[in-house]
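A short write-up of the structure that comes next.
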Ligand SMILES: CC(C)(COP(=O)(O)OP(=O)(O)OC[C@H]1O[C@@H](n2cnc3c(N)ncnc32)[C@H](O)[C@@H]1OP(=O)(O)O)[C@@H](O)C(=O)NCCC(=O)NCCS
């Protein structure tokens, strides 16, 4: 059964995330919050997990739209990336990724950290764009 769609302001508690990770001390920046690059890496991986539903071969990331971090992420937060394929082109597809952090260790609630639109290209063994089969 497909879980109900949610808006970006609504914690998607019934959806299965493409990626889920507990943030660790190794993920912090000099201020003690989670380094933005760690979240970007999660977004990239989550988009690839989603994109591989349509193409099992090599995928490369060609573009990510503007990303705004709306809340800090703390050590111990459970960070989940929820994905949805929003466009399938000839050789590329676009995945929307919503990132949520569930607070732990005395902080409570869930915050919508950011969202991103990631475009990935299917490539062949020579890293040239390859046509993605049309979904049934
Ligand atoms: C991705 C890559 C193979 C595309 O090569 P290219 O010669 O531009 O290929 P094309 O012009 O045929 O475009 C291929 C597809 O990518 C899309 N695309 C290309 N540049 C894009 C961009 N900046 N934003 C969104 N889509 C883009 C095209 O629209 C096309 O999609 P479609 O077939 O669904 O219409 C090439 O740019 C590349 O290898 N980039 C590096 C990728 C990488 O290494 N990423 C990891 C980060 S280092």
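Of everything in region 66-87, what is within 15 Å of the ligand (Cβ to nearest atom), exposed (fewer than 15 other Cβ atoms within 10 Å of the Cβ) and modelled with pLDDT of 95 or more? Give them in sequence order. Spell out the reasoning first.
First, pick out the residues of region 66-87 that are within 15 Å of the ligand (Cβ to nearest atom): 66-67, 85-87.
Imposing the further condition that a residue be exposed (fewer than 15 other Cβ atoms within 10 Å of the Cβ) reduces the set to 66, 86-87.
Answer for region 66-87, where residues must be within 15 Å of the ligand (Cβ to nearest atom), exposed (fewer than 15 other Cβ atoms within 10 Å of the Cβ) and modelled with pLDDT of 95 or more: 86, 87.
The single condition from (1) more than 19 Å from residue 9 (Cβ to Cβ); (2) surrounded by 17 or more Cβ atoms within 10 Å (Cβ to Cβ) that residue 100 fails is (1). Of the residues making up region 98-122, those that are assigned to a strand (DSSP E or B) and either free of Cβ contacts under 8 Å to residues at least 60 places away in the same chain or away from the ligand (no atom under 16 Å from the Cβ) (or both) number 13.
The residues in region 103-122 that are touching a helix residue (DSSP H, G or I) at 6+ places or on another chain (Cβ under 7 Å) and either surrounded by fewer than 19 Cβ atoms within 10 Å (Cβ to Cβ) or closer than 17 Å to residue 62 by Cα (or both) can be counted, and the count is 3. Under the condition of being out of contact with any strand residue (DSSP E or B) (no Cβ under 9 Å at 6 or more places or on another chain) and part of a helix (DSSP H, G or I), which residue from region 37-64 is nearest to the ligand (Cβ to nearest atom)? Applying the filter and picking the extreme gives 41.
Within region 70-81, the residues that satisfy the criterion of being closer than 13 Å to residue 98 by Cβ and in contact with a helix residue (DSSP H, G or I) (Cβ under 8 Å, 6 or more places away or on another chain) are 79, 81.
On inspection, residue 93 passes the criterion of being closer than 15 Å to residue 135 by Cβ, surrounded by 18 or more Cβ atoms within 10 Å (Cβ to Cβ) and either touching a residue at least 24 places away in the same chain (Cβ under 8 Å) or out of contact with any helix residue (DSSP H, G or I) (no Cβ under 8 Å at 6 or more places or on another chain) (or both). Scanning region 17-36 for residues that are surrounded by fewer than 16 Cβ atoms within 10 Å (Cβ to Cβ) and not in a strand (DSSP E or B) turns up 24, 25, 26, 29, 30, 31, 32, 36. Restricting attention to region 123-136, the residues that are free of Cβ contacts under 8 Å to residues at least 60 places away in the same chain and exposed (fewer than 12 other Cβ atoms within 10 Å of the Cβ) add up to 5.
The values are calculated or read from the model by the stated rules, or taken from the named source; none is laboratory data. None of these values were measured; they are calculated from a predicted model. Positions of Cβ are backbone-derived with ideal geometry, glycine not excepted, and every protein chain shown enters the neighbour counts.
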